[in-house]
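S.K.: What follows is a single structure, and I will ask about it in a moment.
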Amino acid sequence: MKTFEFTRPPDVTAAIATAAHAKTAQQGADVRFIAGGTTLLDLMKLNVETPARVLDINRLPLDKIEPTSDGGLKIGATVRNSDLANHPTVRRDYPVLSQALLNGASAQLRNMATTAGNILQRTRCMYFRDTAMPCNKREPGTGCPAITGANRSLAVLGTSEHCIATNPSDMCVAMAALEATIHVQGSKGLRSIAFGDFHLLPGNTPHRETVLEPGDLITHVILPAPTAGSKQVYLKLRDRASYEFALASAAVVINVTGQNITRARIALGGVGTKPWRSKEAEAVLVGQPAEKGTFGKAAEAAMRDAKAQSQNGFKIELAKRCLTHALQMAIAS
Ligand SMILES: Cc1cc2nc3c(=O)[nH]c(=O)nc-3n(C[C@H](O)[C@H](O)[C@H](O)COP(=O)(O)OP(=O)(O)OC[C@H]3O[C@@H](n4cnc5c(N)ncnc54)[C@H](O)[C@@H]3O)c2cc1C
Ligand code: SF4
């Protein structure tokens with residue numbers, strides 16, 4: 001690990017002012033915030049991240065979970081994943097989020113990992129994490145060995161000829177289905193970003209993963225008021241039952257009146273280059289009977305644009321079955 005300067009900014013303003021000196025907030029950033037450290041320190045030890053300055057944000061007042069005036073929930077950037085998963089309001093009104101969090105990592109990691117850190121966790125693509133290998137995301141223009149190499153765990157949705165890395169987060173899949181908003185404070189002021197607009201597709205610039213600019217600090221996430229009567233499920237399929245990233249996952253938030261689905265919010269994990277909201281699946285579900293035939297058609301629609309690589313074609317069928325089963329679980333709940 002290269003040497004770096006470690007400081008604890010006294011307040012949010014000082015943290016942003018220091019971070020604003022960075023050349024980029026994307027791969028290669030020379031200034032990084034540190035929260036739980038469970039992504040950043042790993043990558044620093046591997047020399048994938050080499051910031052000259054690391055700013056500890058753990059003492060900033062960003063660790064509260066509070067109701068909003070319109071019935072939603074405000075989640076501070078440094079709220080630990082375990083605290084969020086076990087918060088009574090989250091368990092009652094947003095169970096898909098609680099389930100997604102509890103399906104991630106291990107208890108010890110969840111005790112350290114934070115809301116903002118989880119949103120900004122990096123891909124587990126083995127070439128990205130190995131500086132002896134080329135990788136367009138780590139070093140633009142060097143190539144993507146995963147496309148012809150080890151790609152079993154990588155993405156089938158949202159890929160480009162330059163990168164097929166999967167976004168590994170579970171929490172983000174639930175937040176995408178819940179239509180969360182990410183709130184950012186930067187050197188130019190405050191702004192809010194719809195969850196679906198925060199992460200970028202790789203396209204020609206896989207080193208740019210989010211819309212963040214130098215100095216931008218995620219301060220909190222807002223969940224809208226829960227939809228009355230919604231049925232929620234997060235289902236995660238992986239190579240082993242715990243401590244493993246998703247091969248495919250589905251977050252389902254649906255309402256059923258009588259026999260028919262009246263509202264659906266669907267997101268997929270483990271298969272996309274970003275947390276994957278499927279408006280295609282939602283369009284198939286709404287207005288249709290809540291039964292297996294409808295769920296199968298929605299799953300087909302969700303994966304219609306999937307592109308398999310040499311080793312990960314199985315994910316397309318796996319994701320379809322994952323979504324179909326998650327919908328069945330939601331109806332039965
Ligand atoms: C062994 C292992 C297994 C795992 N398994 C899973 C899994 O199954 N599912 C899953 O979803 N995740 C999994 N994870 C990932 C884990 O959830 C993330 O590492 C964690 O959520 C990151 O949070 P953190 O607070 O530790 O982030 P940090 O490492 O502190 O930060 C991560 C990034 O976010 C930036 N950052 C942090 N806070 C802010 C802020 N407020 N504003 C702007 N930038 C900020 C940092 O600069 C850094 O670039 C696993 C991790 C490990 C090590
Ligand atoms: S898939 Fe993306 S992260 Fe992995 S080697 Fe290719 S460019 Fe790098």
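S.K.: Normalised by the number of residues in the stretch 1-62, what is the relative contact order in percent for Cα pairs under 8 Å and 6+ residues apart?
M.R.: In percent, rounded to a whole number, it is 48.
S.K.: Report for the chain the percent antiparallel among DSSP-assigned beta bridges with both residues inside it, nearest 5.
M.R.: Approximately 85 percent, going by the DSSP bridge assignments.
S.K.: What whole number of Å gives the distance from the Cα centroid of the stretch 104-181 to the Cα centroid of the stretch 222-267?
M.R.: If you average the Cα positions of each part, the centres end up 21 Å apart.
S.K.: Counting DSSP beta bridges in the stretch 1-145, what percent are antiparallel, to the nearest 5?
M.R.: 35 percent
S.K.: By counting other Cβ atoms within 10 Å of each Cβ, how are D216, D83 ranked from fewest to most?
M.R.: D83, D216
S.K.: Only helical DSSP H runs with n ≥ 4 go in: add -39500 (n - 2.57) per run for the chain, normalise by residue count and round the 222 nm mean residue ellipticity to 500 deg cm²/dmol.
M.R.: Estimated from H runs of four or more residues: -7500 deg cm²/dmol.
S.K.: Could you tell me the distance between the Cα centroids of the stretch 276-333 and the stretch 24-96, to the nearest Å?
M.R.: 30 Å
S.K.: What are the ³J(HN,Hα) values, in whole Hz, obtained from phi via the Karplus relation 6.51 cos²θ - 1.76 cosθ + 1.60 with θ = phi - 60°, for each residue of the stretch 108-113 in sequence order, with x given for Gly and Pro?
M.R.: 5, 5, 5, 5, 9, 5
S.K.: For the chain, what is the relative contact order in percent, using Cα pairs closer than 8 Å and at least 6 residues apart in sequence?
M.R.: Relative contact order of the chain: 18 percent.
S.K.: In nm², what is the average projected area of the convex hull enclosing the Cα atoms of the stretch 1-85?
M.R.: Averaged projected hull area, Cα only: 6.6 nm².
S.K.: In the structure displayed, which of K188/K279; K137/K292; K231/K307; K137/K236 lie more than 28 Å apart, Cα to Cα?
M.R.: Going by Cα-Cα distance, K188/K279; K137/K292; K231/K307 fall outside the 28 Å limit.
S.K.: Mind listing the long-range amide H neighbours of L217? Cut-off is under 5 Å, sequence gap 5 or more, other chains count too, H placed in the peptide plane at 1.01 Å from N.
M.R.: Counting only residues 5 or more places away or on other chains, the set is Q185, G186.
S.K.: For the residue pair A225 and N86, what label-to-label distance in nm results when each label sits 7 Å from Cα along the Cα-to-beta-carbon direction?
M.R.: It is 3.0 nm.
S.K.: Quick one: grab the alpha carbon gyration tensor of the chain, order the square roots of its eigenvalues as a ≥ b ≥ c, and give me rounded if a/c is under 1.5, else prolate or oblate depending on whether a/b is larger than b/c.
M.R.: Oblate.
S.K.: If neighbour count is taken as other Cβ atoms inside 10 Å, put K231, K315, K64 in order from fewest to most.
M.R.: Final ranking by Cβ density, sparse to dense: K64, K231, K315.
S.K.: Something else now. Have a look at the DSSP beta bridges in the stretch 132-280 and tell me what percent are antiparallel, nearest 5.
M.R.: 95 percent
Here, each number is a calculation from the coordinates, and none is a lab measurement. Worth saying up front: this structure is predicted, and the values here are computed from it rather than measured. Don't worry about glycine lacking a Cβ; one is built from the backbone with ideal geometry, like all the others, and counts go over all protein chains shown.
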